[in-house]
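Below is one structure, written out as structure tokens; the observations come after it.
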Amino acid sequence: MEHAADPDLVRDARRGDEAAFTSLLRPLLEPAHRLAAGMLQDRQLAEDAVQEAAVKAWRKIHQLREGTEMRPWFFGIVANQCRTTRRSRWWGVLKTDPERRSTEAPDEQAVRGVDLRNALKRLRPEQRLVVVLYFYLDLPLEEIATIAHASFAAVRARLYRGIRELKADFPITEAQA
């Protein structure tokens, strides 16, 4: 997938053309939602975070230089919005409220990997970000480093530690033939 921003669209978006901005952002919304859902572990909060990130991207479109890749730039805004959401006063209340229940049937929850989601919740936020970007969105480590505002070595270390912690939650057993 090509994700370098079209210079004409960037120029038009900087001039206030909403259609150009929408064209730049549209292919990134679904993966951005997956990123936010992986970081926040809540669909509605993820939708809110992506929507807020889109508004911030519109306000900051002048910071996107021509020829710059749009995906890491926007995903960085999404990741920052998710961090802001997690730091908010209400995060702890929402996270521990026993009245919050999933609307999915129990068998759907099992299929969707509840155990994995719970294991992801136990990771530190910087590890969760790297693991979600690497495994959910299949991004290369170089691009993850750009999004996470970290060095390549730091991203690789966070990924390694995150995988190690996830493996502890999922003992691997060999299949019997």
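The values are calculated or read from the model by the stated rules, or taken from the named source; none is laboratory data. Not measured: the values here are computed from a predicted model. Ideal geometry is used to build each Cβ from the backbone, glycine not excepted, and the neighbour counts take in all protein chains shown. With ligands, DNA and RNA removed, areas are computed over all heavy atoms of the protein, side chains included. Shrake-Rupley method; radii C 1.70, N 1.55, O 1.52, S 1.80 Å.
A full extension of the chain between residue 8 and residue 51 corresponds to an added length of 13.1 nm, given 0.36 nm per residue minus the alpha carbon distance. Rolling a 1.4 Å probe over the protein chains gives residue 149 an accessible area of about 130 Å².
Summarising the label geometry, the points placed 7 Å from Cα in the beta-carbon direction at residue 161 and residue 69 lie 2.4 nm from one another. The residues packed around residue 142, meaning those with a beta-carbon under 15 Å from its beta-carbon, carry a net charge of 0 if Lys and Arg are +1 and Asp and Glu are -1.
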